[in-house]
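Let me begin by presenting the structure, written as structure tokens, before commenting on it.
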Amino acid sequence: MRKPLGAIILAVALSLGVYYQRSIHPPLVTERTVRSDDHDRYHDRPFRVVHVVDGDTVDIDEPDRGKPKTRIRLWGVDSPEVGHGRNADMHFGPEAKTFAEETLAGQTVWIVLAPNDTRDKFDRLLAYVFLERGGTMFNELLIEQGFAYADPRFHHPYDDAFTTIEKRAQRTKIGLWSAVPADQLPSWRQRAERP
């Protein structure tokens, strides 16, 4: 049985209308919504550290987007990598991880977020981790004790403070600064220090 021409035109018009609606309206979960949600869920709140991945990455006991825990990448620092698979440990990588495990594993910490960027390209939560509310910031402690580099690649509120702390650690040759070979610096730092 043939459909009347009017019904076909109406069906096409409705289909185009649905397509048009989808194309001009942004998805419900925008970057701004996610940021707002992150601040509501995490900012200035206590959580327990359930796993230490390496010196600058930990998991806390809060479900996140279908996962049983939230992965946090510490803002503004870059610890040497711990080898996985065929990749070897970087200079002071295992020491940085051990320091993070001894300081954070099983502990309740306070999470503080920057006012704008809350996620990195791997969807990890970018955060400052405090050992107690308003007390010692673990991000700073990593740099101060020579377990991480101040990472200037992405602007954040503690840029200048982290750089100053790193210069002091470098001058006193603490931790990784005692004998870091040039080829063991992070690749971003090697590029930045080339003449």
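Observations
- Estimated distance in nm for a label pair at residue 40 and residue 123, the labels positioned 7 Å out from Cα along Cα-to-Cβ: 1.9
- The number of Lys pairs in the stretch 31-178 with C-alpha atoms less than 30 Å apart, excluding pairs fewer than 8 positions apart on the same chain, is 8.
- Scoring 148-158, 74-84, 114-124 by mean Cβ neighbours within 10 Å over their residues and listing the highest first yields 74-84, 148-158, 114-124.
- Spin-label model, residue 131 to residue 160: label points 7 Å out along the Cα-to-beta-carbon direction sit 2.6 nm apart.
Any read-out appearing in this document is the output of simple, stated calculations on the displayed coordinates, not a laboratory observation. Everything numeric here is computed off the predicted structure, so don't read it as measured data. All Cβ positions, even for glycine, are placed from backbone atoms using ideal geometry, and neighbour counts span all protein chains on display.
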